[in-house]
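A.B. asks: What follows is a structure written as structure tokens; I'll ask about it next.
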Amino acid sequence: MVRGRAAQGPDRQDPQARDRGAGRREGEGRRGLSGALVAELGRLVGAAHVAAPAGSDPELRDATETQALVGHAAAVVRPGDAEEVREVVAWCYDHDVALTPRGGGTGFAGGAVPQGGVVLALDRLDRVRDLDPGRWRAHVEAGVTTATLRRRARESGLDFPPDPGAAEQSQLGGMVATNAGGPHTFGHGPVSRWVTGLEVVLAPGELVTVGGPVRRDVAPYDLRSLLCGSEGTLGVVTAAWLRLVPAPDAELPVLARFADARAGCEAVLAVFAAGLQPAVLDFVDGRTLQAAGEGDGEGFALLAEAAGGRDEAAALRAGLVEVLREAGAVDVVAPEGRSEVEELWRWRSGLTYAVIAARGGKVSEDLAVPVERLDEALAGARAVADRHGLESCAWGHAGDGIVHATFLVDPADAAKLERAAAAAHDVVVLGYALGGTGSGEHGVGLVKRDAVASRTPDALLTAQRAIKDALDPKGLLNPGKKLPVAGRP
């Protein structure tokens, strides 16, 4: 179902630098109007919820800040509900002002880094409108954090499996915008699998619902799926209806270590061949282990999780332990105590921060390849790093073939950042060359836009632009992201 309400009133050039003014017709491009713009928006949402940002403000960056990626905007506006979001979008569309929707700012692709105009921060839309344990569903606003959503579900005996990381900061709107994943995506799928409906503001300022609490809806075109992963370029998500499931009785991790990446990747295929379906099947390479204070840069680890009823999970864990040992694991650990399990997951969650701490920053891409080519992807990413004279490591979601190919950088070293940007471009190309894609999880945003477009067939680019033009005819919704502004890169 779709219901609406009428509006009122292949190069390696830095895309941020190239498109610094893309989609901006008013706002920062005409600095004399900044004060007037802030005042106008203040009349819509309250003066206390609009500000002209300074260069150090977090609203001008996301998790790519360790790559020295900082945006610019004339105003940051924080609407308090969906109607105020609609009013802001309508005002911006009427006045030809670009707007960048923003969640928790935890993205790795520059999708929330503004290129002018207005930042539309959604953190005040933080209500769980409804959580119905008897029907396994929830109605949640865009600014609700991952941690809050998962906690509220567990308190009701239910589970919302997607876990994209940075749980205290990441927000539902951003999760939907990027179709986020995380370790449990292998067993449970990305966010879109759990979304049954969306409340969204479309241009030029219409608040509509697509789907809803129904579990299936094939009457209209599937705009719900189209909006999931659209990175704020087609509309602004203000709330979502979510499908939940009963929380598992047991979640039992298994950590297996191998002599090298080849042996570990063969073990991943052995898990498939054995017909086992863990909730998690992640990997960590030797250099990442070293950054986390373990080993000398060699070796390889697989982290799996058996979940379900207690007997079911125990049987699955036993099967995983057996298969991984037979596949050549040099060590297998299956912690059972709650504190041991929690410590293992804290270790896994801290890998990103351990890697960043090694040199102060990182440039990380998320190519995805057929699972049988995981070893080739790891070897190829390491070869890219060597070619550009960079330190590198990798971890990711082995069962989904997703590799977080990571280059260690000093954010103050401009030359190294430039080499890392070139390496990142090559890693995206590598994903396509291995029969996969340039992004399996983080989205395209600004930083991968040109590399992805350079490997996208003309017919597909044309189709995507037609969709963009139909839903955002002025090109004001998160301009310069996902697709090149005009022409090929």
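Laboratory data are not the source of any read-out in this text; all were calculated from the coordinates shown. Nothing here was measured: the structure is a model prediction, and the numbers come from that model. Neighbour counts run over all protein chains shown; Cβ positions are idealised from the backbone, glycine included.
A.B. asks: What whole-number distance in Å separates the alpha-carbon centres of the stretch 178-247 and the stretch 284-325?
C.D. replies: The distance from the Cα centre of the stretch 178-247 to that of the stretch 284-325 comes to 32 Å.
A.B. asks: Amide H of HIS404: which non-local residues (sequence gap of 5 or more, or other chain) have their own amide H closer than 5 Å, using H built in the peptide plane?
C.D. replies: TRP395, GLY396, HIS397
A.B. asks: Using the Cα gyration tensor of the stretch 256-346, with a ≥ b ≥ c the square roots of its eigenvalues, what is the shape: rounded (a/c below 1.5), prolate (a/b larger than b/c) or oblate (neither)?
C.D. replies: oblate
A.B. asks: Next question, about the same structure. Between GLU155 and VAL245, what FRET efficiency follows from the Cβ-Cβ distance if R0 is 22 Å, with the result rounded to 0.05?
C.D. replies: Details: r = 15 Å, r/R0 = 0.68.
Rounded to the nearest 0.05, the efficiency is 0.90.
A.B. asks: Quick one: which of 403-414, 111-122 comes out on top by average Cβ neighbours within 10 Å, and what's the full order, highest first?
C.D. replies: 111-122, 403-414
A.B. asks: Sketch the reach of a paramagnetic label on GLU294 as a point 7 Å from Cα along Cα-to-Cβ, and name the residues of the stretch 232-268 whose backbone nitrogen lies under 12 Å away.
C.D. replies: Answer for the stretch 232-268: 254-258.
A.B. asks: Sorted by average packing, counted as other Cβ atoms within 10 angstrom per residue and highest first, what order do 442-453, 468-479, 141-152 take?
C.D. replies: Values: 442-453: 25.7, 468-479: 19.2, 141-152: 20.8.
Descending mean neighbour count gives 442-453, 141-152, 468-479.
A.B. asks: Sort out for me the Cα centre separation of the stretch 55-105 from the stretch 115-133, rounded to whole Å.
C.D. replies: The distance from the Cα centre of the stretch 55-105 to that of the stretch 115-133 comes to 12 Å.
A.B. asks: Report, to two decimal places, the Cα Rg of the stretch 92-193 normalised by 2.2 N^0.38 Å (N = number of residues).
C.D. replies: Relative to the rule-of-thumb radius for its length, the stretch 92-193 sits at 1.16.
A.B. asks: Follow-up. Computed FRET efficiency, Cβ-Cβ of ARG310 and ALA219, R0 41 Å: what is it to the nearest 0.05?
C.D. replies: According to the calculation, E is roughly 0.50.
A.B. asks: Sequence gap of 8 or more, or different chains, plus Cα separation below 26 Å: how many lysine pairs satisfy both in the chain?
C.D. replies: Close lysine pairs found across the chain: 14.
A.B. asks: Run the helix sum for the chain: -39,500 (n - 2.57) per DSSP H stretch of 4+ residues, divided by residue count, reported at 222 nm to the nearest 500 deg cm²/dmol. Mind showing how you got there, number by number?
C.D. replies: Working: 16 runs with 166 residues, N = 489.
So the calculated ellipticity at 222 nm is -10000 deg cm²/dmol.
A.B. asks: Plugging the Kirkwood radius over Cα pairs into Stokes-Einstein for the chain, at a temperature of 25 °C and a viscosity of 0.890 mPa s, what D comes out in µm²/s?
C.D. replies: The diffusion coefficient I find is 106 µm²/s.
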